[in-house]
Amino acid sequence: MQSLNNTLIDYGGAITDARGNIWTITAGGQVAINGAPDPGTANVTHLAYANGLVWQENSNNLWWSKASPSAPWDPPYGTPAVPVTIYPSPDDSVLGAPTPASQSAITDQSANQWTIANGQVVVNGIADPTTANVIQLAYVGGQIWQENSQGLWWYKTAPADGWNGGYGIASSPIGSTYYVANNPYDQATIEVGQVAVQEPTTPPNALAAVVTAGFVADGTPIGISASGAEIIVDGDSSLTNGATLTLLGAYRTPGPIYSATENNGAMTLSGSTAHLGALSGTGSIDASSRSSLDIQTSSVGETIRLQSSHLTIGGQGGLGAGAGPAGGMSFLASITMDDSPSSGITLANTLATRMVLNETGGSLQEVVLYNGATEVADLKISGPAQVYAEQQMAGSTPYVELVTQPVPYGLPATVQS
């Protein structure tokens, strides 16, 4: 049966022309017609069938065609014009090293398939022996870029080209937008530049981690929909003038779950909002001018400073103060607050009956909340002269507000030195 118009194949496929001839690609990269190799062909990557002509493409991304087995290939020196419709990967596509046997790949404008296996670049199923320790590919401006484990980049346009970049380029070609080329279940890691937009949604389970140089936004919403991947921030971030950073891990009813976030840089917020999941790392978060932080939990190592700003701990996955899990017993970051009436902390899904303030030398160092005899929160808070706690409800969900100004129905407090 004659192949359909606009058919494109690579090694392993076959095209049948109008006269019943079968065209394939040999393991040695030659065109074969009815099983007989054409000695005038070499380095063939694809065959195409368009408007009654059979086309061959070589590793230089050049095309030749003929109408019958005995006809010459034309034009004599090839053409870069692609004879069939190809759907390349979006510009700024990023591919982390996929799992073995994965079909994840970047498709360029000439239909070449680029992927990673055993630390090497693989093009149309053939490993490039000049590459090693490859951790990532990117498709930017029609060029394929490879990154090795030392963070160095090289690039080329066609499979037959040599890699450009000398001893390696230290700067990443990936801009503020990227598209994940990994399929689900790859659990790959990608490294991107500074994020300044809301990135497209990641396929579920495609990534284990996204490593970014930081987040920057001025009055705009930005973030990553990571579908369960951890977000690692290895540079500084700046959110100003009403910017909103959302690191989304999963959609849930009635509210979202935010991504686990390792912040190793200095994140500053001015009049802005950040939604994070479980926080870790060795960085800092400085919130001012009525900023809002929403963080599920935090490990030791991170530091948080609130200046006329608010922090919500726990919840997530719910509405208001949150119907999700409490976070006060696993929030180990150091928190510094000023005495502003706008500074405060909400402990979502927390029921408390009393508070203990631990002081050293007359300065507050720790706030511990109890529900009866059960400890429900232990926060390393310093800075304000006094902290007050008030039990409140959001529907049927309890939460506690910690503020620096007296409240009408404050929890009884004990000071320990």
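Residue-wise HN-Hα couplings along region 325-342, as the Karplus relation 6.51 cos²θ - 1.76 cosθ + 1.60 with θ = phi - 60° gives them from phi, are x, 5, x, x, 7, 10, 10, 9, 5, 6, 10, 10, 10, 9, 8, 4, x, 7 Hz; Gly and Pro carry x.
Counting only protein heavy atoms and using a 1.4 Å probe, what share of the accessible area of region 104-187 belongs to carbon plus sulfur, as a whole percent? Could the numbers behind the result be given before it?
Values: 1810 of 3590 Å².
Here carbon and sulfur together make up 51 percent of the probe-accessible area.
The Cα-based radius of gyration of region 18-160, divided by its Kirkwood radius, gives an Rg/Rh of 1.01.
Note on region 146-292: Cα-Cα pairs beyond 24 Å make up 35% of the total pair count.
Give me the net charge for the shell around residue 107: Cβ to Cβ below 13 angstrom, other residues only, Lys and Arg +1, Asp and Glu -1.
Working: positive: none; negative: 10, 91, 108.
Neighbourhood net charge equals -3.
Calculated on the Cα set of region 11-93, radius of gyration then Dmax: 12.7, 43 Å. Rolling a 1.4 Å probe over the protein heavy atoms gives the chain an accessible area of 43 Å² per residue. In region 1-56 the Cα-Cα distances spread across 10 Å bins starting at 0 as 28, 59, 13 percent of all pairs. Once the gyration tensor of the Cα atoms in the chain is diagonalised, the equivalent ellipsoid follows with semi-axes of 60, 19, 16 Å, ordered largest first.
Computed across region 100-202, the Kirkwood radius stands at 14.1 Å (inverse of mean 1/r, all Cα pairs).
Tell me the Kirkwood hydrodynamic radius of region 202-258 in angstroms, computed as one over the mean inverse distance between distinct C-alpha pairs. Walk me through the numbers before you get to the answer.
Working: mean 1/r = 0.0830 Å⁻¹.
One decimal place: 12.1 Å for the Kirkwood radius.
Put a plus charge on the Cβ of each Lys and Arg, a minus charge on the Cβ of each Asp and Glu, and nothing anywhere else: the dipole of the chain about its Cα centre is then about 560 debye. Per-peptide packing, taken as the mean over residues of other Cβ atoms within 10 Å, places 77-83, 184-190 in the sequence 184-190, 77-83 from highest down. When you count the other C-beta atoms within 10 angstrom of each residue and take the mean per peptide, 51-61, 246-256 line up highest first as 51-61, 246-256. Rounded to a whole number, what % of the accessible area of region 351-415 do carbon and sulfur atoms account for, probe 1.4 Å? Roughly 51 percent of what the probe reaches on region 351-415 is carbon or sulfur. Principal axis extents of the Cα atoms in region 173-218, from largest to smallest and rounded to whole angstrom, are 34, 16, 15.
Within the shell defined by Cβ-Cβ distances under 10 Å, the residues around residue 407 carry a net charge of -2, with Lys and Arg each +1 and Asp and Glu each -1.
Any chance you could tell me what percent of the C-alpha pair distances in region 266-399 go past 27 Å? Walk me through the numbers on the way to the answer.
Working: 973 of 8911 pairs.
Above the 27 Å cut-off, region 266-399 has 11 percent of its Cα pairs.
Provide the net charge surrounding residue 157, with neighbours chosen by a C-beta distance below 15 Å and charges set as Lys +1, Arg +1, Asp -1, Glu -1.
Surrounding charge for residue 157 is -4.
Cα-based radius of gyration for region 356-417, normalised by 2.2 N^0.38 Å, reads 1.13.
The values are calculated or read from the model by the stated rules, or taken from the named source; none is laboratory data. None of these values were measured; they are calculated from a predicted model. Backbone-built Cβ (ideal geometry, glycine too); neighbour counts: all protein chains shown. Heavy atoms of the whole protein, side chains included, go into the accessibility calculation; ligands, DNA and RNA do not. Shrake-Rupley method; radii C 1.70, N 1.55, O 1.52, S 1.80 Å.
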